[in-house]
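Remarks on the structure that follows.
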Amino acid sequence: GVGADSDLYINQAIVFIEDAIQYRSINHRVDSKSLWLYRWYYSRTCQWILSLTITVILALAFIEEPSSLTVTSDVRYRLPAWNPPCGLTESIELLCFLVFAVDVSVKSYLIGWKEFWKNKWLMAYILTLIVSLTDWIVSLSFFCKESVRVRRILRPFFLLQNSSMMKKTLKSINSTLPEMASVVLLLAVHLSLFTMFAMLLFARTKDNQQDKEWVVYFRNLPDSLTSLLVLLTTANNPDVMIPAYSKNRAYSIFFILFTVLGNLFLMNLLTAIIYNQFRGYLLKSVQSSLFRRRLGIRAAFEVLSSLKETPASAQQSCVSVGALLQVLQKVEMDSRCKQAIMRSLKMCSCDQLSAAQFQKLFEELDKDAIKQHPPSPEYQSYFMQKLQFAFGHPYFGYLGNVVALANIISICVVLVMDADKQPSERDDFFLGAINCFFILYYLLEMLLKILAMGLKRYLSYPSNRFDGLLTVILLILEIATFAVYGFPHPGWRPEFMGLLSLWDMVRLVNMLIVFRFLRIIPNMKFMALVVTTLLDLVKNLRAFAGILVVVFYAFAITGIMLFKGAVVPLGNTRYFNFLQGAQKNSKAEFTGSCVHISLWLTQEILYFKEKKVISWCSAHFQAGVIYCLLYVLSVHLICRWAKIYFVAWWLISSVIWVNLFVALLLENFIHKWDRRCQRESLSDIEYQRTVELMFRDVLEEPTEEELMEKLHQHPHLQLCR
């Protein structure tokens, strides 16, 4: 019995430490079978299967009807999209639902019945599955011919609930909404007042020639409100003011005031509020993550202190070093952290660890991940040492940047000289010769750097890996060009051979050379700071990107259902419908006909230009076409109910989401800017930050009383003290 208890305590400590590493809650079952199931559920294989299932069910929208997944989007040339037979995608969906059912069942069992009723996400998970399965059954009963599939809109929820960081981010956004509502309300007041002013300024008059502003933009209240709302996004600027400005220049004052107050003041004020509030709520979320980590480590300490190795005479709880080493060997954690903790344990002179010492050991988890570069090789020869010093010096890298700049300038000169020439008139000798020269220099530079730094040190720098990879690709392309077309010579214009023509291969080489010029970034400290900030956002803000995918997916599916079949191949008869609608002065018919004729005219003009039938577009006809196209570009063409969809999309994607991204970008950049003087050069050491570490300096450590109080409230863990 004692041995079984010891194994249980060891396994509990392993799971609690893994929970702390991943910022997971420790409020789950802690018996032997549940611990095995818990570790199996959070294993890489199980989580990979769950992630794959989520990806598959989201990807079904690309092949389900009414999918338009074709090579071209042109309705004239687009082939009918492949429609899978009824039951194929439904079978895949059913398999995904079974995986989700197992997922929610395991989660519900592990946290227990009491904790289940407190977890709103799990209850929403079950409700989403029930609704999705019901809709799936309805689809089969209609033989997959139903027009609306509710479960498609619910699919992003499976992605959302699977990420704890995404849920925290969403909670922070939800908490920020009340503060944003005040500015949005002020924005609505601004929009309403200027709408009334616009309807008074651009009211209908007796002169129909002077009423273009009223006809196109301010005919009634909905149209006026929509026109100014679009102007707030600058999408119809300056088109919305052109008719009024043509009549009287003084009308521009109205549009200038509206833009200055709306865009420069209110929208930027909204950005400031979102930054301030969202940062505060995100800080609270990160603070709770720190509490979870400290709680998990303290829980591991408490269960290990119950082992028989702990001296009975000890006044305070303590953990033996041997027990902790046994736990660390089985814990799945970063090798750097594990090695650092083991080194600290070996350096420790005592056999027992107090709670403070135990907690301090695992503070290694909170430190920046530092990547040290391997040392350079040590040459014995004096000549090799001089070569190593010369080609390992930063000035050699600067010389390479100058050569790369010269290569870019030479390409620009050639492109400018050949801009107006036909392909048959170009002489590729000069461009081919200079490309050959520069690529040979890049190859020589790479080899000399490897000689000076050693291969391992050379590859440890991302800039060198980027540089070396492009150099190898350029060399392969250059060898392929010479093998197919021979060496460059005056009048070098060989015929098309192989997969690519000579001009295509030269263009590909030149594009890679231009791309290679980005190697200068590490040598410019401020630019390197900006780039590393962006890279940190890409690497560490996956939760933010995940919520963005959720929003885009939900709106895309909704848009497919609302506007399915809106764009169809058109014939010439649409033009006559357009004329009839204009003659009848029916706005609805005119608008609908204008949409169709504009789409048709755009396609036909491109077709006739390809056939060189330019006379088809006569001057007197172009005037009507242009007016029609300008009318199409306005939001008046959209159904009034459809405007709700697009306004909601604008508010969520542009107003809220873009500002949230700006807030996170500012926070990350300011953090790096404040710490830039405290660190060594970016080229010597690489620091890898996470969202939690961004706020590490301002977080408060939880007290021992708070940790113990929380541990005593654990629904499945009974402590000895």
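The values are calculated or read from the model by the stated rules, or taken from the named source; none is laboratory data. Only a predicted model underlies this, so the values are computations on that prediction, with no experimental measurement involved. Glycine also receives a Cβ, built like all others from the backbone with ideal geometry; neighbour counts cover every protein chain displayed. All accessible areas refer to the heavy atoms of the entire protein, side chains included, with ligands and DNA or RNA removed. Shrake-Rupley method; radii C 1.70, N 1.55, O 1.52, S 1.80 Å.
Structural remarks
- Candidates per trypsin sites (Lys or Arg not before Pro) in region 327-411, loop by DSSP, up to 13 other Cβ within 10 Å: 367
- Residue 193 exposes around 90 Å² of accessible area when a 1.4 Å probe is run over every protein chain in place.
- Taking all protein chains together and rolling a 1.4 Å probe, residue 96 ends up with roughly 10 Å² accessible.
- Extended-chain gain in nm, criterion 0.36 nm per residue less alpha-carbon gap, residue 288 and residue 380: 27.5 nm
- Region 34-112 gives an Rg/Rh value of 1.19, both radii derived from C-alpha positions and Rh following Kirkwood.
- For region 45-124, trypsin sites (Lys or Arg not before Pro) meeting the loop criterion (DSSP other than H, G, I, E, B) and having at most 12 other Cβ atoms within 10 Å: 76.
- Among the chymotrypsin sites (Phe, Trp or Tyr not before Pro) in region 135-191, those located in a DSSP loop and surrounded by at most 16 other Cβ atoms within 10 Å of their own Cβ are 142, 143.
- Inverting the pair-averaged 1/r between distinct Cα atoms of region 43-162 gives 16.0 Å as its Kirkwood hydrodynamic radius.
- At the listed q of 0.13, 0.15, 0.23, 0.24 Å⁻¹, the Debye profile of region 187-267, built from one uniform point per Cα, gives log10 I(q)/I(0) equal to -0.35, -0.46, -1.11, -1.21.
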